[in-house]
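Written below as structure tokens is the structure these notes are about.
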Amino acid sequence: MPKILKTMLTVSNLSVQFGKRVLFDEVNTLFTKGNCYGIIGANGAGKSTFLKILSGEIDPTSGNVSLEKGKRMSVLSQDHFAFDDYPILETVLMGNKPLFKLKKQLDEIYAKPDFSEEDGVKAGELGVTFEEMGGWTAESEAANLLSSVGIKKDLHHILMKDLDGKAKVRVLLAQALFGNPDVLIMDEPTNDLDFETISWLEGFLANYDNTVIVVSHDRHFLDAVCTNISDIDFGKMNQYSGNYSFWYESSQLAAKQRAQQNKKAEDKKKELEEFIRRFSANVAKSKQATSRKKMISKLNISDIKPSNRRYPAIIFEQEREAGNQILHVEELSKSVDDEVLFKNIHINLTKGDKVVLLSKNSQAATAFYEIILGNATADSGEYKWGVTTTQTYLPLDNSDFFKNELSLVEWLRQFAQTKEEKEEVHLRGFLGKMIFSGEEALKQCNVLSGGEKVRCMLSKMMMSRANVLLIDQPTNHLDLESIQAFNNALTKYKGTLIFSTHDHEFAQTVANRIIEITPNGVIDRYMTFDEYLENPKIKELRNKMYA
Ligand SMILES: Nc1ncnc2c1ncn2[C@@H]1O[C@H](COP(=O)(O)OP(=O)(O)OP(=O)(O)O)[C@@H](O)[C@H]1O
Ligand SMILES: [Mg+2]
């Protein structure tokens, strides 16, 4: 018997426009109970804007969003630092805003030194509502939820800022889940997470019963959790059932068929049917047949449209080649609080090395870059750059670069070195290559989307024509087309490169040398990433180095 799916959220005639740029043009769509929707689209297509409209953070130009009566929506906070000064348990309680506000009011009344009869009446009234909202059991529920996401009891009262990034995300997820929201909204939840935590999140969401709406550029993640894909393109939003791979392959097929004008309609139909049959069989065979996957029922591609994605032109050139001395690091050590990020690190970089920098601690690589660039200090040890080297850096957190109202042209001009480079035509040419053409090059840099900010940072890096590149998480925020263009640019680059990434493909295709920085020194090998991961001797050594 077919399941009757209940509508949770309705979007009607939604239009959004910034200046001349139309992001959404009369979009109508539904989100139903129990499904997990992956929102996809190029950088700057409007995904984050769409989520902000759903959650009421910003208003659309016209149209509306309605949540079913009596239902609650919650948002996974993207800002990992927003709750730093709050204890963990309280952070979770804040997830149910009306309840948290009421609790604060009650606490304030009871804390009054001159508690009056009037206060007593007021407290009594508020207490009734508090009880109705399940206020008295809230703390124990929050504690249970924390335990279920793997945060142990002895941590519940410490401050958020004392947790490492991965644990923080778990607390923020508990906050979003607190009070069992009917609709859970998440914007790029896998950014900054390591493989292990991502796979934990995939398992969690695949078995979560309520409606989930999630933006992500991570193919593996989308495939693991989504029952539906909503593609934002050309100001419209098209919804399809099936996971990401299904959407991707069928849109490739649609594009191919569109180009084959001479092929008979009948043959095309056959090809489509065969494709769907093969795909459905694969889904059914898949080991992770979770409760969600079983809901992927009717796959239909007759109305899938070929997508409109563009590749930025990323090319890194060197002003002049470096000499043979690149970077020498000796006895370098760094700890944060009581944790050793790395200790006694020795590295000698050779010209043309393409190093993937690994560590089990996600903060270690970032700390290493910041130290060798002179932005932070080491606890001990030294480093020395070759006199002919010039460095350019893609930091993990680029927010400081965009806290002003410069237009993109003015923004990029800050980094121009020669008179010629400072000229408008030249800057516009650069921006055009990074797909900011025409009017787009004149918008303010503080309204840029996550991926657009990274594209600007890449323009800045290209302009520096440095002979050493340092790159912390190249794939964060970028869409697949940009990732591919970036990946190719780094393979072709003739200078020296150090990067750290959670993207396996990136590491495998770019690196010729692997350096792992650990609390007990370095492991340093000239080989591919796969060879490094598979080598049994190295496996053993890695276990020892982190013990
Ligand atoms: N206030 C604003 N004024 C002008 N343009 C804006 C404003 N806010 C956002 N934009 C633009 O709207 C577009 C959509 O931004 P949004 O952040 O929704 O993109 P996104 O799909 O989430 O991209 P990403 O994948 O990079 O995160 C971007 O081009 C952005 O520069
Ligand atoms: Mg976004």
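FYI, it's all coordinate maths here, none of it is from the lab. The structure displayed is predicted, hence computed values, not measured ones. In this analysis, Cβ positions are derived from the backbone assuming ideal geometry, glycine residues included, and neighbour counts consider all displayed protein chains.
What is the chain's relative contact order, in percent, from Cα pairs under 8 angstrom and six or more apart in sequence? Present the calculation step by step, with values, prior to reporting the outcome.
Working: 918 pairs, mean separation 80.4, N = 547.
That works out to 15 percent.
Which lysines, on any chain, are close to Lys47 with Cα under 17 Å apart, when same-chain ones fewer than 8 places away are left out?
Once the sequence-local lysines are set aside, what remains near Lys47 is Lys236, Lys453.
Treating cross-link reach as a plain straight distance, find the lysines whose alpha-carbon is under 16 Å from the alpha-carbon of Lys343, omitting any fewer than eight places away in the same chain.
Lys334, Lys360, Lys544
Efficiency by 1/(1 + (r/R0)^6): what FRET value for Tyr526 and Glu132, r their Cβ-Cβ distance, R0 = 60 Å, to the nearest 0.05?
Step by step, r from the Cβ atoms, then E = 0.35.
Could you list log10 I(q)/I(0) for the chain at q = 0.06 Å⁻¹, which the Debye formula gives when each Cα is one point scatterer?
Those come out to -0.36, one per q.
When only Cα pairs under 8 Å and 6 or more residues apart are kept, what is the percent relative contact order across segment 80-179?
53 percent
Could you run the Debye sum over the Cα atoms of segment 405-464, one equal point scatterer each and no solvent, and tell me log10 of I(q)/I(0) at q = 0.12, 0.24 Å⁻¹, two decimals?
-0.22, -0.95
Want the number for Asn512 to Lys104: 0.36 nm per residue separation, take away the alpha-carbon distance, what's left?
141.2 nm
Give me Rg/Rg_expected for segment 80-179, where Rg uses Cα atoms only and Rg_expected = 2.2 N^0.38 Å with N residues.
Expressed relative to 2.2 N^0.38 Å, the Cα Rg reads 1.19.
Could you name the lysines whose alpha carbon sits less than 18 Å from that of Lys33, not counting residues in the same chain fewer than 8 places away?
Within the straight-line limit of under 18 Å, Lys33 reaches these lysines: Lys3, Lys6, Lys69, Lys71, Lys293, Lys294, Lys298.
What pairs from Lys166/Lys460; Lys354/Lys539; Lys403/Lys494; Lys354/Lys537 go past 27 Å between their alpha carbons?
In this structure, Lys166/Lys460; Lys403/Lys494 exceed 27 Å between Cα atoms.
Taking a quarter of the surface of the Cα convex hull of segment 373-519, what do you get in nm²? Provide the component values of the computation, followed by the final result.
Numbers: hull surface 41.2 nm².
That works out to 10.3 nm².
So if I take the centroid of the Cα atoms in segment 143-215 and the same for segment 23-57, what is the distance between those two points in Å?
Here the two parts' Cα centres lie 21 Å apart.
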